[in-house]
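The values are calculated or read from the model by the stated rules, or taken from the named source; none is laboratory data. Keep in mind the model is a prediction, meaning the values are calculated, not measured. No Cβ is skipped: glycine too gets one built from the backbone with ideal geometry, and neighbour counts run over all protein chains shown. The accessibility values were calculated without ligands, DNA or RNA, using every heavy atom of the protein model including side chains. Shrake-Rupley method; radii C 1.70, N 1.55, O 1.52, S 1.80 Å.
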Amino acid sequence: MKKNTPYQHIINVLFLILLTVGFLARIGEAQKKVTSPEEFFGFQLGTDKKIARWDKIIHYFEVLERESHKIKVIDMGPSTMGNPFLLVIISSEENLANLDRLQEVNATLSDPRGVTEAEIKKLVKEGKAVMCQSMSLHATEIGGTQMAPELAYDLLSQENEETQRILNNVLFFMIPSFNPDGQIMVTDWYNKTLGTEYEGAGLPWLYHKYVGHDNNRDGDFLNMIESVYAAKIMYRDWVPQAYIDHHHMGSSGARFYIPPYCEPIRPYADPLIWREHSWYGAHIAYKLEENGKSGILNAAQFPGWGHFGWHWITPFHNIAGMLTESASARLASPLYIHPEQLQGGSRQFPRYEAQTTFPNPWPGGWWRLRDIVEQKKISAWALLDLAARNKETVLWNAYLKAKRQTERGAQGKTKAYVVPINQHDPLTVIKMINTLLLSGIEIKQANNEFRVGNAVYPEGSFFITLAQPKMGLIRNLLGQTFYPENEWTKREDGTPLRPYDLATHTMNEFMGIQVDPMDQEAEGDFHILSDQIQVSGKVVAGGVGYVLDGRLNASFKAVNLLLEKGITVHRIDNPTSNLNPGDFVVYKESEAVIQDIAKQTGVDFMAVDNKIDQGSHEVRKPRVGMYQRYYGGNMDEGWTRFLLEMFSFPYTSLMDGEIKKGNLNAKYDTIILPQDSPGMIMGEIPLRYRRYISAVPPEYQSGIGQEGIAALKEFVEKGGMLVTLGEASSFAIDKFGLGVRNIVENLDSKEFFCPGSTLKVKFDNSHPLAYGMPSEGFVVYYSSEAFAITTSSNSEQYESVVRYQDKNLLQSGWLIGEDHIADMPAMVNVKHGKGQVVLIGFRTQHRCQTHGTFKLLFNTMLP
């Protein structure tokens, strides 16, 4: 036997020292104290009359990251107003160190095309369940964000078997605030009113800079930057197997809604999705009851066919997207509820009494923010617990969903969609393709002309096969859709039940884009798009100036940028051999400016050979005012602000005081009244909102009153243009005494009903307000108006700009009683004094989604 040399002895000693140091370090790490939320914030989260502010919550997560190797905090980037948007990942130290490999496993299970089942089984054993949960998307629904630090602390500090199983088997992705800007607004507002008679009142303005509550209607078009971050997390970088979005609801019903949804359900999701909702929901319900929580409702109130916000669109990404809804307190102030104030009355929850989906009614009493925090934490933990206990089942089902959806797409009657590049507005085509890419949809672009059956499509067109995992999403976004008419959607007497938001979300119809369904795959040479398409406009010199195509939405942005630079722009009124009404013409200007604007907008500046002496007019720089009110703000106004900024339209927000002062023509040529009820515009608040007034400080009460009406009349009489959107048209009809009637105003819903649908119309594109539009297309009808011109003495002053087709109006959605609006005006221009009133009954700029009708609004600002 060999003797150790002195050097070997030294090596052994050093080795023992290193082992000891490592062992002690591990003991130290195990014993290292993680700061609790109560220590950090100075109060228990959910305590009466206290809200942790977003900046402090960010700091707390940073502290946790310094104290534990089981958490990773990622700043996705600035929110709309510049606040950090966080993603927090919690798992074992080993899992976090191995994220890149686990991401590869997740990607393969989510799209297993070309991978053998044997390989999939290995990945199921290797992979981890990915669970995502987001908090307080709606900023007044504060419980989720207040719960998030406590949930993180429990996962990092507890050493029991259940916690360790979660950490070992689950990657938990948490968005602790989906709306950081709103969280700060609401917290500051609550603290400002704390201790006053207005304590617990809602925010007087939108709790997002632009969209307020509608940030949960942006899971498809991804207009907001917060939506872009969430899509990157869930649609592309990772695909969670399950997702919960934590919300609040009204105070007088169940204490807590949990999955699954009730009827009806939207088609084209894999059936396992709906089973997973029930599976996760049952475990959540069990844990809540186990913990002594009452008033828990599931399989009622919230249907499986909803809007395309986050929890309702994720099922079509093969994610078990779910929702919780806590009964609200008065923000952080407690609320006392008497037993007789508790009521049912929603879908599949007719009365406030025990039923199989509501076995343990809450009896009434004090309801507090802490109650909300506790129930949300139990539900969030239960999701992680079930996934950890059944990790391999969860991952195998992720594979099955992706595989089966791909097979359904390959075997279905419709096998693909083709999007031709040569369309009325090809830049909007690119916009749609880029939006679909953000959702992780596979899209091919043709390198050459290609054929599908007998149809031939040009180079650059797009081919979207349904033989891919997100088949269900593609079918809902690009396929003609009809809302069901059955016992789930109508009462016994035939009265239709309004869908939860729109009856269709067909993106191409909203955007005015031709998409052709195909019953076979394509023959041709394609490449798969791996990134957003970048478009830079051409500048073709050689004549006296340049023409911009008036059919392109982006041309309006280019014109606004030109006008901002002081460059003169003309618009064509009479067609020529190569110019159409609505085209914009710019005569010789700075080449560098033209090149820069073409690059920014993607618009081609094509050479014009001869100066147009007649049949055109100079375009004025827009002077636009848009009415903005309080009472929680107006989402349509916020979306319209966002749209105008996106296309570089200058505008001013007009509050009540400025309107009442009058002399509006001195500053404005166009004033926009966004979609709103006449009562809200006037300050004559509908009965259902009256209780809100007493809870709002006087300086935040709204309404233009009789003074405002007089000022708007003067504005139009002197040559201004008043543009009314949706229900605001009724305000103008009534207050201006116009010879127009809203023909659907008093119809019973059994006679006429059209909840968020695309309808076929004809555009009079010879009219300046419809310049650049095709002759036919679709509009979105949603709480809309349709008109009849009733005047006889001066009917020449009334012009129908858009008219519903005479039959077969419905393209997608749900329409009852089409004969009431068939062949009737949808948009009317009324000459009034020296000005005009433009009535747009449909949603021309709805949620910044209806690109196909943007120009109808744009033309009112660049007449």
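Before moving on, here are some points about what is shown:
- Annotation for the range 375-484: GluC sites (Glu not before Pro) lying in DSSP loop with at most 16 further Cβ atoms inside 10 Å of their Cβ are Glu449, Glu459.
- Kirkwood Rh in Å, taken over the range 150-267 so that all alpha-carbon pairs contribute: 17.8 Å
- Above-threshold pairs, the threshold being 32 Å between Cα atoms, out of Lys125/Lys293; Lys760/Lys831; Lys70/Lys401: Lys125/Lys293
- Carbon + sulfur, % of accessible area of the chain - ligands and nucleic acids excluded, 1.4 Å: 49 percent
- Residue-span extension gain [Lys32 to Arg236] - 0.36 nm each, minus C-alpha spacing: 69.8 nm
- Charged-residue dipole, Cβ positions (Lys, Arg, Asp, Glu), the range 491-610 about Cα centre, Debye nearest 20: 700 debye
- Placing a label point 7 Å from the Cα of Asp48 along the Cα-to-Cβ direction, the residues of the range 309-333 whose backbone N falls under 12 Å from that point are 333.
- Per residue, the chain exposes 39 Å² of accessible surface when a 1.4 Å probe is rolled over the protein heavy atoms with every protein chain present.
- The mean sequence distance of close C-alpha pairs (under 8 Å, at least 6 residues apart), as a share of the length of the chain, puts its relative contact order at 10 percent.
- Dipole magnitude for the chain: about 1160 debye, using +1 per Lys or Arg Cβ and -1 per Asp or Glu Cβ, origin at the Cα centre.
- At most 11 other Cβ within 10 Å, DSSP loop - chymotrypsin sites (Phe, Trp or Tyr not before Pro), the range 707-797: none
- Separation of alpha-carbon centers, the range 207-266 and the range 405-460, rounded to whole Å: 28 Å
- Note: the range 72-125, Cα convex hull, 95 Å³ per residue.
- With the gyration tensor restricted to C-alpha atoms of the chain, the semi-axes of the equivalent ellipsoid amount to 49, 34, 28 Å, longest first.
- The range 286-422: C-alpha gyration tensor shape, a/c 1.5 cut-off, then a/b vs b/c: prolate
- Measuring how big the range 39-85 is from its alpha-carbon positions, Rg and Dmax come out at 12.5, 33 Å.
- Between Lys588 and His59, the FRET efficiency estimated from the beta carbon spacing at R0 = 56 angstrom works out to 0.50.
- Semi-axis lengths (Å, descending) of the ellipsoid that matches the C-alpha gyration tensor of the range 84-200: 38, 17, 10
- Bridgeable lysines around Lys557 (alpha carbons under 26 Å apart, same-chain partners fewer than 8 residues away excluded): Lys209, Lys431, Lys538, Lys565, Lys588, Lys599, Lys611, Lys621, Lys667, Lys762, Lys855.
- Extension gain from Glu492 to Gln341, taking 0.36 nm per residue of separation minus the Cα-Cα distance: 51.7 nm
- Spatial separation of Cα centroids for the range 766-799 and the range 689-749, in angstrom: 20 Å
- Cross-link partners of Lys660 among lysines (Cα-Cα below 17 Å; sequence separation of 8 or more within a chain): Lys713, Lys718, Lys735
- Values of log10 I(q)/I(0), in the order q = 0.22 Å⁻¹, for the range 722-863 under a Debye, Cα-only, solvent-free model: -1.52
- Long pairs among Lys128/Lys391; Lys56/Lys376; Lys122/Lys391, criterion Cα-Cα beyond 18 Å: Lys56/Lys376
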